[in-house]
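> Starting off with a structure, shown below.
The values are calculated or read from the model by the stated rules, or taken from the named source; none is laboratory data. Small disclaimer: the values here were computed from a predicted structure and weren't measured. Glycine gets a Cβ as well: all are built from the backbone with ideal geometry, and neighbour counts include every protein chain shown.
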Amino acid sequence: MTNKVSILFEAVSGLGREYVIQVAGTVHQSDIASMGLEVLPTMVTTLSAADSPLPLDPTQKVKADFDTRLNHRVLDLRSHNRRLIFHVKACLVAGFREFLEMEEFCEVHTPKIVATGTEGGTELFPLQYFENKAFLAQSPQFYKQMLVGAGFERVYQSSAIFPNWKINLKKTWKTKICSIETSSLAYVILMRKKEKSL
């Protein structure tokens, strides 16, 4: 084994999972490679080494508890299945937005930090906003109604809200809603439009 091959073998043997590497070499056609090509390396450089062992398995062959997944969310999202959740949400919001834009609704963005609660029935998440006490918004309902009263005939919002439901989580509980407000449609027609949007 030549000295160059020995150095290369040593460099490859020391690689761990989730390492970021740079490979220089020659590209060759291959019948066994998944894309029909393979690289015969002449140099392998480690750009960033990962901790070993990893706090969780990104392939999900070994399951991790919920807190571990949240504490190492970037690594958790390396999983294809985890990323699919985001793509499904994006498709749902895109369909919701496309339908309502065709129905001449105006998309609005209401405040997420508020001075008081706008809806009853749930507690608030308090926070310190400079020298003032504030809260995370529970719902955009109040603001949408104000906009309708101001002359916006049809408004909608797709955003996060922060109802303080009694859920045993160490992280802030957030949920996503797609909601509409209108002044000119009868209840039955409104329900039909909602069914159509789904």
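> For segment 16-106, list the helices (runs of 4 or more DSSP H) that sit wholly inside it and hold at least 1 residues that are exposed (fewer than 10 other Cβ atoms within 10 Å of the Cβ); which are they?
By residue number, 73-76, 80-102.
> Spot the failing condition for Gly36; the list is (1) of a type outside the set (A, V, I, L, M, F, W, C); (2) free of Cβ contacts under 8 Å to residues at least 40 places away in the same chain; (3) at negative phi, and only one is missed.
Among (1) of a type outside the set (A, V, I, L, M, F, W, C); (2) free of Cβ contacts under 8 Å to residues at least 40 places away in the same chain; (3) at negative phi, Gly36 violates only (3).
> Looking at segment 183-197, is at least one residue more than 30 Å from Phe66 (Cβ to Cβ) and at pLDDT 85 or above?
Restricting attention to segment 183-197, the residues satisfying the condition of being more than 30 Å from Phe66 (Cβ to Cβ) are 183-197.
If we keep only those that are at pLDDT 85 or above too, we end up with none.
No, segment 183-197 has no match at all.
> For Leu47, only one of the following conditions fails: (1) out of contact with any strand residue (DSSP E or B) (no Cβ under 7 Å at 6 or more places or on another chain); (2) within 26 Å of Leu77 (Cβ to Cβ). What is its number?
Every listed condition holds for Leu47 apart from (1).
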